[in-house]
Every structure is written in structure tokens, then in C-alpha cells.
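Data first, discussion second: the structure below is written as C-alpha cells.
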Amino acid sequence: MQTLAVDHPLVAHKLTTLRDVRTDSPTFRRLADELVTLLAYEATRDVRVTDVTVRTPVAEAHGVQLASPKPLVVPILRAGLGMLDGMTRLLPTAEVGFLGMIRDEGSLQAQTYATRLPDDLSGRQCYVLDPMLATGGTLAAAIKLLLDRGARDVTALCLLAAPEGLKYLEEDLADTDAPIRVVTAAIDDHLNEHGFIIPGLGDAGDRLYGVV
């Protein structure tokens, strides 16, 4: 598994404002959207392309276009929805699947309550959107589900990651030979006794959409 914490002043600037408890939901949503677009630029560095030739107004030019099958973007509900627009801004031709997962606050284990994905993901590059990589259980379960359906290349985009979650993910997916990548704005210090990232930014879903 490869992990990339994007080192860029604009990423750090936007993340700092996201962390601030005074940042309201509309501002949080806008900044999360902008931050995901910056992360997506790095996350798609290995997106598959094919060579093409086009005609400019004066001559032929050789270039590339996204290869088939199209990439699949999978936000994990509900907080992952706040990352979707920022991702599809760079991949407008990508298909979008949805995965509903929730963490049991007692056991800290992920439970799936909804799926809207193709049955066969053979040959597909998948991009999973999950704002907070905390314990790692939810993201690991999501990646395994995609691999079980034939995906062989999975990249996760996270606003923040905890060392414990990254370690769990690496150990839990150690037996797979598929390329797995995590792209995040920062790797924070640790998890507290409740499984929340410290210093973190709070509950991403609540800060995006309010407490419901």
C-alpha cells in the first residue's frame, strides 16, 4: 500500500480553515470541495490513458485521453458526498457508485447499509472518497467490497488520516496484490479513546451537513 500526504501550501491553508471550530458549514463545504480537487490532481497521476491523435487548426497533434473502462468514483455515504463534486470536477467522464457504510461506535466496526455499484468491476480503476481515515475499518471494508467485485486498482482520497488507521489498512489488505493507494491532506497525531482523529477536525459529516 502506498500513502501520500500532499505537501502543498494551498492544501495546508485550506485544511487549517477546515480544522477551525469557527468555520461554518457553508464555508466548510466549499473548502472541502476545493481541497478534494487539489488531492484529486495527485490521486489521478496514474489514471489510465490511451494515445490519440487530434487535429489542431494548423496540424495534427499526438496526445492522450482517458482509457476505457471509465474510472469509477465511490463516495462513502454520507460524508463522502461532500467530496464528490471536487473529484468529478477533474474526472467529469467518470462513473459514480455509492456505498453506504456506518461505524458502530461500540465495536468501531463498519456496517454496510446500502450499495449502488456495478456487479462487475473487472479492470476498473476505483477512487473511494472518505473524509476521515480514523480506525481504518470502514475504508478497509469498502476497498474489500470493490476488490471482491473485480477491481484491481483502488485509490482512497481522505481529508485526514490517523497513523492507526493507515496501519490497520495496510495489515488488513496485506494479502491483496492489487495496487492500493491513500492520498490525504495530512497524517495526524493519533486516535483518542473514542476513535476520533486528534487534532482532526471533528465529525466531517456533521460539519458538512449539520447534526442530524
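Tabulated data
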item: Size of electric dipole in the chain: Cβ of Lys, Arg +1 and of Asp, Glu -1, about Cα centre, debye, nearest 20; result: 680
item: Anisotropy class of segment 1-133 from Cα gyration tensor, a/c 1.5 cut; result: oblate
item: Proximal lysines to K70, defined as alpha-carbon separation beneath 26 angstrom and excluding residues fewer than eight positions away on the same chain; result: K144
item: Segment 171-212 - accessible surface per residue (Å², probe 1.4 Å); result: 53
item: Local electrostatic count at P163 - Lys and Arg +1, Asp and Glu -1, tallied over other residues with Cβ under 13 Å; result: -4
item: Antiparallel content of DSSP bridges confined to the chain, in %, to 5; result: 40
item: Table column - 3J(HN,Hα) (Hz), segment 52-65, Karplus curve with 6.51, -1.76, 1.60, x for Gly and Pro; result: 9, 10, 10, 10, 7, x, 10, 6, 7, 9, 8, x, 9, 9
item: Cα gyration tensor, segment 127-174 - rounded (a/c under 1.5), prolate or oblate; result: oblate
item: Table column - 3J(HN,Hα) (Hz), segment 17-28, Karplus curve with 6.51, -1.76, 1.60, x for Gly and Pro; result: 5, 5, 5, 4, 4, 7, 6, 7, 4, x, 5, 4
item: Amide H partners (placed H, <5 Å) of V128, local residues excluded; result: V74, T155, A156, L157
item: Order by protection proxy (mean Cβ within 10 Å, highest first), peptides 53-63, 122-132, 143-153, 10-20; result: 122-132, 143-153, 10-20, 53-63
item: The chain: most fluctuating residue of D189, D51, D172 per GNM, C-alpha cutoff 10 Å; result: D51
item: Interchain or long-range residues, amide H under 5 Å from L4's placed H; result: V182, V183, T184
item: Residue-averaged [θ]222 nm for the chain, counting only DSSP H segments that reach four residues, each worth -39500 (n - 2.57); result: -9000 deg cm²/dmol
item: Placed amide H near L77: partners under 5 Å, 5+ positions off or other chain; result: L99, G100, M101
item: FRET efficiency, 1/(1 + (r/R0)^6) with R0 30 Å, evaluated for V211 and H190 via beta carbons; result: 0.75
item: Dipole magnitude (debye, nearest 20) for segment 134-205, charges at Cβ of Lys, Arg, Asp, Glu; result: 300
item: Per-residue ³J(HN,Hα) for segment 32-37, Karplus 6.51 cos²θ - 1.76 cosθ + 1.60, θ = phi - 60°, Hz, x for Gly and Pro; result: 4, 4, 5, 5, 4, 4
item: Pairwise centroid distance, computed over Cα atoms, of segment 78-104 with segment 19-60, Å; result: 13
item: The chain, relative contact order in percent, only Cα pairs under 8 angstrom and at least six apart counted; result: 23
item: Shape of segment 58-164, Cα gyration tensor, a/c cut at 1.5; result: prolate
item: Gain upon complete extension [A59, T16; 0.36 nm per residue less C-alpha separation]; result: 10.8 nm
item: Net length gained if the chain between K144 and L4 were fully extended (0.36 nm per residue, minus Cα distance); result: 48.4 nm
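The values are calculated or read from the model by the stated rules, or taken from the named source; none is laboratory data. Source: prediction; values computed, not measured. Don't worry about glycine lacking a Cβ; one is built from the backbone with ideal geometry, like all the others, and counts go over all protein chains shown. Just so you know, the surface numbers come from the protein's heavy atoms only, side chains and all, with ligands and any DNA or RNA stripped out. Shrake-Rupley method; radii C 1.70, N 1.55, O 1.52, S 1.80 Å.
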